[in-house]
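Take a look at the structure set out below.
Bear in mind that the values in this text are calculations on the coordinates, not laboratory data. Here the structure is a predicted model, which means the values were calculated and not measured. Note: ideal-geometry Cβ built from the backbone for every residue, glycine included; neighbour counts use all protein chains shown.
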Amino acid sequence: MKAATVEKFGGVQDIVVREDVPRPRLKPGSKQLLVRVMACSLSPSDYRTLSGDCRFAKNPVRFPYIPGGDICGEVLEKGDGLSDTEVQVGDNVISTWTMFGQGGLAEFALVDSALSIRKPDSLSALEAAAFANTCPYAYLAVKGAQLKEGDRVLILGGSGGMGTLLIQLAKNFGASFVACTTTDTALGMSLGADRVINYRQTNWWEEKEFIENPFDVVFDAAEGLTAWHNIKSSKVLKPASKGGRFIAIVLNEWHIEIRSFGQLVSFLFRPLWRSFASKFNKKQPRYHVHLDSPDKTSMEESLALVLEGKLKIVVDKRSPHPFTTEGVREAFQLHMDRSGHGKIVVSLQ
């Protein structure tokens, strides 16, 4: 079959689309689905696995491996371990992953039935692949923040796959005012943002408007520890005593290195310690770590918002990328450069 393959840790130049890759097969007792892939969207996990910088936590079982885990595809076979499931052979499904998303950039892939839902006819294959992981993940972040009617919200990183959803979800959950940081003002405003800050021109933590009327919640989908330091040194987010909370989606830095057990411990300990310590300092905002993983329930609940017209899936204007070596490399490079506005998707049709 045709598939994108990676022979070793490295960069986009190490991705090669080949025609001679063995087709995956269901094993006896499997609870997976064999699907013909129509589209695959990229997530940060994909290039972090590719680089090898997170090899202690995200290490392929073997090389060569096939990247990509967020897909839309047609079910060809069901594992015989599935006694009863709402997904049937011939259905088009949206499938995602929890810890390790691999195998999606191929003509055929095995997916977890527990993380697969039917694709509605109203969604294109590209939109469905773009929805797969990011939409339920953003939904869980906003739900976990316990937004109240009238809350003021700031979203750092408003034009990425995550940020474009956070803007809309904050409004859906009752926010009265939503600001975001992005260089794409038109996109932010079109999604419902009341104020867009061009982070290349303005320091959001120094804005007089925000200091005089601080936010109730800040979602950080772009900056990491720098954002938390700026929050603590400014007055743009209410203290914990007045309900102020900081939702860390980027835990430390955008670039992650986990090459050893010590780095893994450090990666997890630092944000968890910040969360714990913030419980005892009511003069500063409460720090929350967002680590929830999508499941079928969050996929179905967030999909309901899409079908009700309350949530738009934003696909980067340069997508879909063709399923060629050059096309897949280009998609990965855009993602690694963090220049996508919306989700970056490869079409396999």
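For this structure, a couple of remarks:
- Length gained on full extension, GLU209 to LYS279: 22.5 nm, using 0.36 nm per residue less the C-alpha separation.
- Considering only the chain, percent of DSSP beta bridges that pair antiparallel, nearest 5: 55 percent
- GLU149, GLU74 arranged by Cβ crowding within 10 Å, fewest neighbours leading: GLU149, GLU74
- With helices as the sole contributors, the chain gives -8500 deg cm²/dmol at 222 nm; each DSSP H run of n ≥ 4 counts as -39500 (n - 2.57), and the sum is divided by every residue.
- Compactness check for the range 81-198: Cα Rg over 2.2 N^0.38 Å is 1.26.
- Within straight-line cross-link reach of LYS296, aspartates and glutamates at Cα separation under 15 Å, skipping those fewer than 8 residues along the same chain: ASP70, GLU86, ASP112
- Under a model in which nothing but the beta-carbon of Lys, Arg (+1) and Asp, Glu (-1) is charged, the range 135-289 shows a dipole of about 640 debye around its Cα centre.
- Projecting label points 7 angstrom from Cα along Cα→Cβ for LYS27 and SER122 puts them 4.0 nm apart.
- Percent RCO, i.e. relative contact order, over the range 70-224, from Cα pairs under 8 Å lying at least 6 residues apart: 19 percent
- Once C-alpha pairs closer than 8 Å and six or more residues apart are averaged by separation and normalised to the residue number of the range 135-289, the relative contact order reads 19 percent.
- Full extension of the chain between LYS143 and ARG259 yields a length gain of 38.5 nm, computed as 0.36 nm times the residue separation minus the alpha carbon distance.
- Across the cross-link table entries LYS2/LYS58; LYS31/LYS310; LYS27/LYS78; LYS242/LYS312, which are compared at the Cα atoms, the separations over 22 Å belong to LYS2/LYS58; LYS31/LYS310; LYS242/LYS312.
- Mean Kyte hydropathy of -1.0 or more with a Cα span along the axis of at least 20 Å, helices from DSSP in the chain: 261-278
- Note: relative contact order over the chain, using C-alpha pairs below 8 Å and six or more positions apart, is 19 percent.
- Highest GNM mean-square fluctuation among GLY150, GLY29, GLY104, for the chain modelled with Cα contacts below 10 Å: GLY29.
- ALA186 paired with THR85, simple spin-label distance in nm, labels 7 Å along Cα-to-beta-carbon: 4.2 nm
- Highest to lowest packing among 106-115, 268-277, scored as the average C-beta count within 10 Å: 106-115, 268-277
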